[in-house]
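Q: Structure below; questions to follow.
The values are calculated or read from the model by the stated rules, or taken from the named source; none is laboratory data. Bear in mind that the values here come from a model prediction, so they are computed numbers and not experimental data. Note that each Cβ is placed from the backbone with ideal geometry, even for glycine, and that neighbours are counted across all protein chains shown. Surface accessibility is based on the protein's heavy atoms, side chains included, excluding ligands, DNA and RNA. Shrake-Rupley method; radii C 1.70, N 1.55, O 1.52, S 1.80 Å.
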Amino acid sequence: MIPILDLTKQYEQIQSEVERAVLEVLKSGQYIVGKHNKALEKEIAAFCGVKRAVALNSGTDALHLALRALDIGAGDEVITTAFTFVATTEAIGIVGAKPIFADIDPNTFNLDPNQLESKITAKTKAIIPVHLYGQPANMEEIMKIAKKYNLYVIEDCCQAIGAELNGQKVGSFGDIGCFSFFPTKNLGAFGDGGMVTTNSDYLADRILALRNHGGAVRYYHDEIGVNSRLDEVQAAILRVKFPYINEWNQKRKENAYKYNELLKDVKEVVTPRELKGTKCIYHQYTIEIPNRDAIHKYLQENGVGAMLYYPVPLHLQKVHAYLGGKLGDLPITEEKTTRVLSLPMFPEITYEQQKTVVETLKKALIECKATA
């Protein structure tokens, strides 16, 4: 079986460093917000080119507390994409705001700036673009629209650490950037973890307080907060991994280009498009194909761990039924979610494995066409 992701290969590369770092934390007796936590915040901030970063216990909390810090809540609307993981809109719902869905660019699967202005109302307070699969959204145009209408921008960078647009890192365009360190991410912990980035000291300090039960000073609480601290073991592991992120992202890019070459003559397959001025970090290598569900089933049955991210767009999910969304509301999103398929992608995947994936895919295209 060729898995969608093989974390054991990465662990073999850094095993001694990780185990040494974890043992150091265990011996220190400092398990919450210790030196690794604070150092990681500084390192991520410098990497993204922003003033501040705040470590949290998940990417979901990063989105949730970003909205809280911007005082977005009941009665407010937040424009975002329906082609993403539910955490994006879950965070909007947690604060009592209403997600408003805009359609996507067919080439990037990200929010189409041309679809945004028609969604803006007097209740709109923010836009949450998602850098899906590691491909940067068109932040320059999104920021122009946000500025025109005096809207906040929260970047969902949970799949995109290290991605760039015209030399600028994602997470540095909007008011707040939100990152996930879930184990499957390009920079993943050995459990849950998250981070926000910002150039605002006010927002960073507010999120620091919110993550710690709503208080900036111990035992003094100014508002209802949460417990969202990143534990010190995970921070130490992330600091071991962090120096490798550029190398690992580059290997993903090289592997993506190998897939592109292997698939160049397969006319039924649309390979990922990396737009001019962008640096995609290929959190996923996602193709478009006809008869997607049958091909996915064939691959799974024949040793290729391909995955569907995400088969049902959020405006058609039960959780958002109260919004009244229906088929036809977002035609591009709805089409793409029936056609996309992610192939195995990780830095350590071998060329032989990639060739096997592609050969199996070619067989699937023939077999599924014959039985359709």
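Q: What lysines sit close enough to LYS144 to cross-link, taking a C-alpha to C-alpha distance under 17 Å and skipping anything fewer than 8 places away on the same chain?
A: LYS119, LYS125
Q: Still on this structure: Rounded if a/c is under 1.5, else prolate if a/b is larger than b/c, else oblate: which is the range 26-142, with a ≥ b ≥ c the root eigenvalues of its Cα gyration tensor? Let's see the in-between values first.
A: Values: a/c = 2.44, a/b = 1.72, b/c = 1.43.
Judged from the Cα gyration tensor, the range 26-142 comes out prolate (a/c at least 1.5, a/b above b/c).
Q: Add +1 for every Lys or Arg and -1 for every Asp or Glu among the other residues with Cβ under 14 Å from the Cβ of LEU132, and state the total.
A: Details: positive: LYS185, ARG273, LYS336; negative: ASP103, ASP105, ASP112, GLU155, ASP156, GLU274, GLU288.
Net charge in that neighbourhood comes out at -4.
Q: Now, a different point. Using the Karplus curve 6.51 cos²θ - 1.76 cosθ + 1.60 with θ = phi - 60°, work out ³J(HN,Hα) for each residue of the range 171-177 in order, rounded to whole Hz, and write x for Gly and Pro.
A: x, 10, 8, x, 5, 9, x
Q: Which GluC sites (Glu not before Pro) in the range 163-256 pass both tests, a DSSP loop state and at most 15 other beta-carbon atoms within 10 Å? Walk me through the numbers before you get to the answer.
A: Numbers: sites: GLU164, GLU223, GLU232, GLU247, GLU254; in loops: GLU223.
Qualifying residues, ordered by number: GLU223.
Q: Over the heavy atoms of MET195, what accessible area does a 1.4 Å probe trace out, to the nearest 10 Å²?
A: For MET195, solvent-accessible area is about 0 Å².
Q: Test of understanding: in a Gaussian network model of the chain with alpha carbons linked when under 10 Å, which of TYR149, TYR244, TYR220 would top the mean-square fluctuation ranking?
A: Between TYR149, TYR244, TYR220, it is TYR220 that shows the largest mean-square fluctuation.
Q: Given the options LEU40, LEU210, LEU275, state which has the largest fluctuation in a GNM of the chain using a 10 Å cut-off (strictly under) for Cα springs.
A: LEU275
Q: Just the C-alpha atoms of the range 75-218: what Rg/Rh do they give, with Rh taken as the Kirkwood radius? Numbers along the way, then the final one.
A: Details: Rg = 15.0 Å, Rh = 15.6 Å.
With Rg and the Kirkwood Rh in hand, the quotient comes to 0.96.
Q: Here's another thing I want to ask about it. Trypsin sites (Lys or Arg not before Pro) within the range 258-300: which are DSSP loop residues with at most 16 other Cβ atoms inside 10 Å?
A: LYS264, LYS267, ARG273, LYS276
Q: Around LEU203, under 11 Å between beta carbons, what's the net of Lys plus Arg minus Asp minus Glu among the other residues?
A: Result for the local shell: 0.
Q: So, one more: Can you work out the accessible area per residue across the chain, with the rest of the protein chains kept in place, probe 1.4 Å, in square angstrom?
A: 43 Å²
Q: Follow-up question, since we're still on this one. Among the DSSP beta bridges whose two residues both lie in the chain, what percent are antiparallel, rounded to the nearest 5? Before the final figure, lay out each step's value.
A: Numbers: 23 of 39 bridges.
Expressed as a percentage, antiparallel bridges in the chain total about 60.
Q: Using helices alone, what [θ] at 222 nm do you get for the chain, with -39,500 (n - 2.57) per DSSP H run of 4 or more residues, divided over all residues and rounded to the nearest 500?
A: Numbers: 11 runs with 142 residues, N = 372.
Calculated from helices alone, the mean residue ellipticity at 222 nm is -12000 deg cm²/dmol.
Q: Of the heavy-atom accessible surface of the chain (probe 1.4 angstrom), what whole percent is carbon and sulfur? Walk me through the numbers before you get to the answer.
A: On the way: 8440 of 16060 Å².
Using a 1.4 Å probe with all protein chains present, the chain comes out at 53 percent carbon and sulfur.
Q: A follow-up question, please. With a ≥ b ≥ c taken as the square roots of the eigenvalues of the C-alpha gyration tensor of the range 213-278, please select rounded if a/c is under 1.5 and otherwise prolate if a/b is larger than b/c or oblate if it is not?
A: It is prolate, given that a/c is not under 1.5 and a/b is the larger ratio.
Q: Please label the shape of the range 160-204 as rounded, prolate or oblate, based on the square roots a ≥ b ≥ c of the eigenvalues of the alpha-carbon gyration tensor (a/c under 1.5 means rounded; beyond that, a/b larger than b/c means prolate, else oblate).
A: Oblate shape, in that a/c is at least 1.5 and b/c is the bigger or equal ratio.
Q: So if each residue of separation counts as 0.36 nm, and I subtract the Cα-Cα distance between LYS9 and VAL312, what length gain in nm does that give?
A: Full extension from LYS9 to VAL312 adds 105.9 nm.
Q: A further question on this structure: Which ³J(HN,Hα) values, rounded to whole Hz and listed in residue order, are derived for the range 260-267 from phi using the Karplus coefficients 6.51, -1.76 and 1.60 in 6.51 cos²θ - 1.76 cosθ + 1.60 with θ = phi - 60°, glycine and proline given as x?
A: For the range 260-267, the Karplus curve yields 4, 5, 5, 9, 4, 9, 8, 5 Hz.
Q: On to the next question. Comparing LEU132, LEU63, LEU330, which has the greatest mean-square fluctuation in the GNM of the chain with Cα pairs linked when under 10 Å apart?
A: Ranking LEU132, LEU63, LEU330 by mean-square fluctuation puts LEU330 first.
Q: Given 0.36 nm per residue, what is the gain on full extension from ALA46 to LYS251 after removing their alpha carbon distance, in nm?
A: Details: separation 205, 0.36 × 205 = 73.80 nm, distance 2.23 nm.
Computed gain between ALA46 and LYS251 is 71.6 nm.
Q: If you project the alpha carbons of the range 35-88 onto their three principal axes, what span does each projection cover, largest first, in Å?
A: So the three principal-axis extents are 39, 25, 21 Å.
Q: If you don't mind, another one. Would you mind checking the pairs LYS98/LYS276; LYS251/LYS362; LYS276/LYS336 and listing those with alpha carbons more than 28 angstrom apart?
A: On the way: LYS98/LYS276 33 Å; LYS251/LYS362 24 Å; LYS276/LYS336 21 Å.
Result: LYS98/LYS276 exceed 28 Å.
Q: Taking H placed 1.01 Å from N in the peptide plane, check which residues at least 5 places from LYS279 or on another chain put their amide H under 5 Å from its amide H.
A: Counting only residues 5 or more places away or on other chains, the set is GLU164, LEU165, ASN166.
Q: What does the charge add up to near HIS315, with Lys and Arg as +1, Asp and Glu as -1, over the other residues with Cβ less than 11 Å from its Cβ?
A: -2
Q: Let me ask something else about it. Got a sec to turn the phi values of the range 200-208 into Karplus ³J(HN,Hα) couplings, 6.51 cos²θ - 1.76 cosθ + 1.60 with θ = phi - 60°, whole Hz, x for Gly and Pro?
A: For the range 200-208, the Karplus-derived couplings read 9, 5, 4, 5, 4, 5, 5, 5, 4 Hz, x marking Gly and Pro.
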